[in-house]
Amino acid sequence: MSEKKYKKGSQLFALARKKAHLLSIPQERGVKMADLICRIQEREGNTSCFQQQEACSQKGCCWQASCGAAMSND
């Protein structure tokens with residue numbers, strides 16, 4: 001089984017900005033990466049919780065690998 005690849009830092013922020021643009025999410029100057037990803041999560045129908053929880057039950061969230069939260073079975 002291969003390990004999930006994840007991005008961090010500037011690569012992750014660039015991906016978030018691109019995805020936000022595709023979803024027509026406004027990007028104010030100075031917005032923090034975690035806040036932008038939370039807005040994307042909301043638009044995608046997930047809980048907006050990027051890097052805010054220790055455990056995650058959002059199996060459809062594409063940010064889970066970069067978030068660092070452990071997957072829960074809830």
Looking at segment 19-66, which of its residues are in contact with a strand residue (DSSP E or B) (Cβ under 7 Å, 6 or more places away or on another chain) and not in a loop (DSSP other than H, G, I, E, B)? A55, C56, Q64
Looking at segment 6-15, can you tell me whether even one residue there is in contact (Cβ under 8 Å) with a residue 60 or more places away in the chain, surrounded by fewer than 15 Cβ atoms within 10 Å (Cβ to Cβ) and in a loop (DSSP other than H, G, I, E, B)? yes
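Each row is one residue, and each column tells you yes or no for (1) touching a helix residue (DSSP H, G or I) at 6+ places or on another chain (Cβ under 9 Å); (2) among the small types (G, A, S).
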site: F13; (1), (2): yes, no
site: A20; (1), (2): yes, yes
site: Q41; (1), (2): no, no
site: S48; (1), (2): yes, yes
site: Q52; (1), (2): yes, no
site: K59; (1), (2): no, no
site: G68; (1), (2): no, yes
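Values in this text are rule-based calculations from the coordinates and carry no lab data. Treat the numbers as computed from the prediction; the structure is a model and nothing was measured. Methodologically, a virtual Cβ is constructed for each residue, glycine included, from the backbone with ideal geometry; neighbour enumeration extends over all protein chains shown.
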